[in-house]
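If you scroll down you'll find the structure; I have some questions about it.
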C-alpha cells in the first residue's frame with residue numbers, strides 16, 4: 001500500500017486521501033471512512049487534493065461512504081478534487097450524486 005496514504009486530520013470531520021485509491025487501498029479506506037462517519041457529527045469532509053487517481057473500486061468506496069453518511073444524517077463532501085479525479089466523477093455522473101466542493105466554498 002505504498003502508493004496510498006490516509007490521514008484523519010480531524011477525527012470524524014476531515015480525512016485526507018493521497019496517492020491512488022484503488023483495489024489495494026479500498027478495504028482500509030472503507031473501514032476508516034465508516035469509522036469517521038460513526039464517530040463524527042456534521043459534514044464529513046474528504047480532502048482529495050493529493051489523490052492522484054482512483055479506480056472503480058475507489059469509486060465504490062466513496063459512494064458507500066456517501067450512503068453511510070446519508071443514513072447517519074451527515075453529508076459527505078469531497079474537497080479539492082484534482083482534474084483527473086474530477087474527470088472520472090464526471091464521466092460516471094457521480095459528480096451529480098456526490099457533493100464536490102472547492103477550498104474557497106468549504
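Rule-based calculations on the coordinates, nothing more; no lab input. Being a predicted model, the structure only gives us computed values, none of them experimental. Reconstructed Cβ throughout: ideal geometry from the backbone, glycine too, with neighbour counts over all protein chains shown.
Sorting 71, 79 on the 10 Å Cβ count, fewest up front, what's the list?
Details: 71 9, 79 19.
If I rank by nearby Cβ atoms, fewest first, I get 71, 79.
Okay, next question. Looking only at the range 28-49, which residues have a backbone nitrogen under 14 Å from a spot 7 Å from the Cα of residue 75 in the C-beta direction?
42-46
Of the DSSP beta bridges with both residues in the chain, give the percent that are antiparallel, rounding to the nearest 5. Let's see the in-between values first.
Details: 6 of 20 bridges.
That works out to approximately 30 percent antiparallel.
Alpha carbons only, please: Rg and Dmax for the chain, in angstrom.
Radius of gyration, then largest Cα-Cα span, for the chain: 12.2, 34 Å.
So how do 74, 87 line up by other beta-carbon neighbours within 10 Å, fewest first? Walk me through the numbers before you get to the answer.
Numbers: 74 21, 87 12.
Fewest-to-most Cβ neighbours within 10 Å comes out as 87, 74.
Here is a further query. Just subtract the alpha-carbon distance of residue 95 and residue 28 from 0.36 nm times their residue separation and send over the number in nm, one decimal.
Details: separation 67, 0.36 × 67 = 24.12 nm, distance 2.35 nm.
Net length gain for the segment: 21.8 nm.
Could you work out how far apart the two model spin labels at residue 41 and residue 63 are, taking each label as a point 7 Å from the Cα in the direction of the beta carbon, and quote it in nm?
3.2
What per residue convex hull volume, in Å³, comes out for the range 44-97 when only alpha-carbon positions are used? Could the numbers behind the result be given before it?
Working: hull volume 3.6 nm³, N = 54.
So the per-residue Cα hull volume is 67 Å³.
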